[in-house]
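The values are calculated or read from the model by the stated rules, or taken from the named source; none is laboratory data. Note that the structure is predicted; figures quoted are calculated from it, not measured. Because the Cβ atoms are built from the backbone with ideal geometry, glycine has one as well, and the counts that use them run over all protein chains shown. Protein only, heavy atoms only, side chains kept; ligands, DNA and RNA dropped before computing areas. Shrake-Rupley method; radii C 1.70, N 1.55, O 1.52, S 1.80 Å.
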Amino acid sequence: MSWKNLIGFNHKEFINEPLKVVLGEIPNNFRGTLYKNTAAMLKRKNGIPGHMFDGDGAILKVQFDDQKAISSYKYIKTSYYLEEEKVDGNNKMLNEFLEFIYPAIGRTPSGGIFQRLKNLLNFKNNGNINLLPVEKGGLLALYEGGHPHLLNKQSLDTIGLDNLSQLNNFTAFHAHPKKCSKTNTVYNIGLETTNKSKLHVRYHINKIYKLDGYGKIAQKNSVEIESGTILIHDFILAGQYIVVPLNPVRNKIGLGTLMGRQTIGSCVKFLPEKGVEIIIFDQATLKLVNKIKTQESYFVFHYANGFVDSQGRIVYDQAGYKDFNMFYNLFSDNLLKNGFRSDCFPVGLERITIDPVTGSFNKTLRFKDKIEFPIIDDTLVGQQHQDIYCTAFQNEWQNGVIKYSNDDKLSRFYDQQYVSEVSFIQNANKAKGQGWLILTLYDGKQHKSFAEILDSNNLDTVCRLETPEVLAYSFHGFFEQN
């Protein structure tokens with residue numbers, strides 16, 4: 001369980017440092033930039049973040065060119081981070097271990113009674129989940145519960161919160177935007193929480209929504225959903241449709257939370273009797289196509305991809321869970337005390353088939369593996385796919401990679417080395433679908449971090465590069481190919 005070393009570890013920044021090749025070599029035609037968003041589980045005077053989703057965002061950038069790799073790693077300087085770090089004008093820490101102040105998924109606000117009351121509803125936005133590049137050198141750091149933070153894509157300097165020209169104080173911009181592979185249109189969803197919950201769906205047309213690094217929302221639509229609906233983490237593009245499944249999870253905030261004695265995360269409940277509801281929009285118009293209420297009860301963080309089959313049905317693949325135990329397992333106290341409980345792992349790679357008109361619904365288990373973060377070749381988003389790449393658990397943190405090709409499976413596992421979500425990179429000199437995977441890897445035995453390039457065909461290591469400092473755990477990122 002050496003992955004526990006990353007919980008309560010204070011990661012150090014580095015700027016424009018060369019990465020050391022420790023195994024293999026960088027391929028001749030491997031050019032581009034890897035961006036990874038990481039969640040640093042820092043230790044302060046009053047402890048550590050209460051949940052794995054509460055870590056402070058820190059961005060890794062690795063630029064590959066001419067068989068060299070230059071890397072930087074910087075914290076997102078959110079107002080919350082700066083307040084808790086207490087940095088001076090020269091960006092020098094005055095105290096290495098200050099306090100967590102703001103409420104988060106696994107923490108209540110700290111300080112005296114007036115400070116706690118002041119910050120009670122000032123939920124900490126770490127920007128720690130995903131990234132979205134925008135024009136004019138911008139990079140949006142995304143977090144589920146609020147607005148994105150705008151960064152300079154080259155320097156990784158933080159510019160500030162971005163409302164994308166239309167977000168209000170009650171509307172979040174979620175962390176899994178999708179780019180249609182045929183139109184290059186970027187879509188995203190978000191929750192608006194007022195007296196009535198609303199699910200917003202938006203798209204950004206690349207040529208007109210970006211201005212000076214800020215994404216401008218070009219069109220939007222919304223639909224009312226049941227009050228308290230939460231953790232709509234991901235969605236699917238499938239042919240001409242946008243598909244938004246609603247997990248049977250509700251936020252049941254009580255008096256304890258409002259008094260600052262109970263965490264927000266402890267109020268999130270899995271309610272299987274609610275069933276999964278699926279909302280379908282038209283991509284071109286954003287008009288509602290159908291709302292399908294199923295009797296199925298399960299939970300999903302991430303979807304691989306979707307498409308429309310020859311019969312006009314929506315088909316998509318997902319990393320499915322039978323319940324919500326993984327979320328509860330990711331509270332820091334649970335992780336440090338019990339590790340990963342056997343009842344928290346994913347069921348496997350599931351396939352959903354829906355008739356968008358009649359609402360008929362079918363779920364099948366394609367592969368019974370403990371997988372997460374399913375991805376495909378980005379150029380096939382919304383179209384029929386063959387290969388799916390996932391991270392995989394054995395009996396602890398994710399320490400493997402699995403490739404599914406239709407009905408075939410190839411897997412690779414590491415010994416006390418823990419991996420992040422992979423990105424697929426096409427080899428321009430080979431046929432479509434042949435290339436590399438890139439991931440970050442933490443070696444718990446050596447307490448070192450690496451960027452690793454794999455052959456996408458056989459999952460063998462092509463090159464492993466050591467980073468100057470240990471990296472925090474990463475949820476998502478992307479590779480921008482030159």
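Quick notes on this structure:
- Only protein heavy atoms count here; on that basis, with a 1.4 Å probe, Leu380 has an accessible area of about 50 Å².
- FRET efficiency, Asn16 to Leu82 (Cβ-Cβ, R0 22 Å, nearest 0.05): 0.45
- Across the range 238-312, the mean sequence separation of Cα contacts (distance under 8 Å, 6 or more residues apart), normalised by length, yields a relative contact order of 36 percent.
- What a 1.4 Å probe finds exposed on the range 260-314 is 47% carbon and sulfur by accessible area, rounded to a whole percent.
- Loop-located trypsin sites (Lys or Arg not before Pro) in the range 414-482, at most 13 other Cβ atoms within 10 Å (DSSP): Lys430, Lys432, Lys445
- Put a plus charge on the Cβ of each Lys and Arg, a minus charge on the Cβ of each Asp and Glu, and nothing anywhere else: the dipole of the chain about its Cα centre is then about 880 debye.
- When the helices of the chain are scored as -39500 (n - 2.57) per DSSP H run of n ≥ 4 and the total is divided over every residue, the value at 222 nm lands at -1500 deg cm²/dmol.
- Largest-first ellipsoid semi-axes for the range 17-171, taking √(5λ) over the Cα gyration tensor eigenvalues, angstrom: 32, 19, 13
- Couplings for the range 346-358, taken from phi via the Karplus curve 6.51 cos²θ - 1.76 cosθ + 1.60 with θ = phi - 60°, read x, 6, x, 7, 10, 10, 10, 10, 10, 8, x, 8, 7 Hz in order; Gly and Pro are left as x.
- Karplus (6.51, -1.76, 1.60) ³J(HN,Hα), θ = phi - 60°, over the range 394-404, in Hz, Gly and Pro reported as x: 9, 10, 8, 4, 4, 10, x, 10, 10, 10, 9
- Ranking Glu85, Glu226, Glu466 from most to least accessible surface, computed with a 1.4 Å probe over the protein chains only, gives Glu226, Glu466, Glu85.
- Neighbourhood charge, 15 Å Cβ-Cβ cut-off, centred on Gly146 and excluding it, Lys, Arg +1 and Asp, Glu -1: -4
- Built amide H within the under 5 Å cut-off of Asn10, gap 5+: Lys43
- Other residues with beta-carbon under 10 Å from the beta-carbon of Val300 carry, at +1 per Lys or Arg and -1 per Asp or Glu, a net charge of -2.
- Surrounding net charge for Lys68, when Lys and Arg each add one and Asp and Glu each subtract one, Cβ distance under 13 Å: -2
- When Rg and Dmax are taken over the Cα atoms of the range 354-482, they come to 16.0, 55 Å.
- Over the range 286-381, accessible surface divided per residue gives 41 Å², non-protein components excluded, 1.4 Å probe.
- Applying the Kirkwood pairwise sum to the alpha-carbon positions of the range 254-337 produces a hydrodynamic radius of 16.1 angstrom.
- Kirkwood-based shape ratio for the range 140-181, expressed as Rg/Rh from alpha carbons: 1.00
- To put it simply, the accessible area of the range 349-417 at a 1.4 Å probe is 41 percent carbon and sulfur.
- A quarter of the convex hull surface defined by the alpha-carbon atoms of the range 253-397 gives 11.3 nm² as the mean projection.
- Sequence-separation-based contact order of the chain, relative, with Cα cut under 8 Å and 6+ spacing, percent: 15
- Within the full protein context, the accessible area of Glu273 is estimated at about 140 Å² for a probe radius of 1.4 Å.
- Projected area, mean over directions - the chain, Cα convex hull, nm²: 21.6
- Ordering Leu98, Leu161 by accessible surface, largest first, gives Leu161, Leu98; the 1.4 Å probe counts only protein heavy atoms, with every chain in place.
- Cβ charges +1 (Lys, Arg) and -1 (Asp, Glu), total dipole of the range 1-85, debye: 160
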